[in-house]
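Report on one structure; see the data block that follows.
The values are calculated or read from the model by the stated rules, or taken from the named source; none is laboratory data. Only a predicted model underlies this, so the values are computations on that prediction, with no experimental measurement involved. In this analysis, Cβ positions are derived from the backbone assuming ideal geometry, glycine residues included, and neighbour counts consider all displayed protein chains.
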Amino acid sequence: MSSPVRIDHLVTSGTFSLDGGTWEVDNNVWIVGDDTEALVIDPAHDADAVVRALGDRRLTAIVCTHAHDDHINAAPALAVRTGAPILLHPDDLPLWRQTHPDRAPDGELAHGQRLNVAGIGLTVLHTPGHAPGAVCLYAPDLDTVFTGDTLFQGGPGATGRSFSDFPTIVDSIKHRLLPLPPGTTVRTGHGDSTTIDAEAPHLEEWIARGH
């Protein structure tokens, strides 16, 4: 009998740099799997911490919700340690190359694609706005969506820097995230988790600001 699928959560600390500025950040790293295999979402800052959390499980994929450096800076080291492929939406390759000019991702993410691990599926939702290739990962079997920096508790991700656009992120949230079941847990790239129904009342404000 296979072991139950679970979600492990790490918080790692480091910096985020873009447009000439650098900020200290704490990142959520999510590991989805069972006792045998797992995938990692957004390996930030500390590959060793992720390897320790994985234990002896086989890592099937390293999934990047977008290519801001704080979400991908540990990805190549983790790939070397585990042999797992790095997956990224191709629209974020310009951002990726700013951090890793000599190491390309191993595979592409596309809207509607299904990633399988430990007997469950995670559906890729392309949600541009915070970054052109930003994606979320919806796991209906776990009543969870991993939103990276697209949706946080209280609102959308930041759009004040290069490669971002506020009307676009509002459209992504409206069309790709808010139609999910209301009780779906939103596991974010930074900070606390929330739910789809907790964020839905903010939509009209976001639309007014975005358009």
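Some values worked out for this structure:
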| item | result |
| --- | --- |
| Residue match in the stretch 156-172 (condition: of a type outside the set (S, T, Y) and assigned to a strand (DSSP E or B)) | yes |
| Failed criterion for V124 (all others in (1) over 25 Å from A49 (Cα atoms); (2) crowded, with 24+ Cβ neighbours inside 10 Å; (3) among the aliphatic types (A, V, I, L, M) hold) | (2) |
| Residue within the stretch 117-124 that is among the hydrophobic types (A, V, I, L, M, F, W, C) and more than 25 Å from A61 (Cβ to Cβ) present | no |
| Residues that are out of contact with any Pro (no Cβ under 9 Å at 6 or more places or on another chain) and closer than 15 Å to T147 by Cβ, drawn from the stretch 160-181 | K174, H175, R176, L177, L178, P179 |
| Where D143 falls short, out of the listed (1) under 15 Å from the mean Cα position of the chain (by Cα); (2) under 18 Å from T188 (Cα atoms) | (1) |
| Among (1) modelled with pLDDT of 95 or more; (2) within 19 Å of H126 (Cβ to Cβ); (3) within 14 Å of the chain's Cα centre (by Cα) - the single one I196 does not satisfy | (3) |
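Yes/no per residue for (1) part of a helix (DSSP H, G or I); (2) surrounded by fewer than 19 Cβ atoms within 10 Å (Cβ to Cβ); (3) without any contact (Cβ under 8 Å) to a residue 60 or more places away in the chain:
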site	(1), (2), (3)
T147	no, no, no
G191	no, yes, no
E199	yes, no, yes
L203	yes, yes, yes
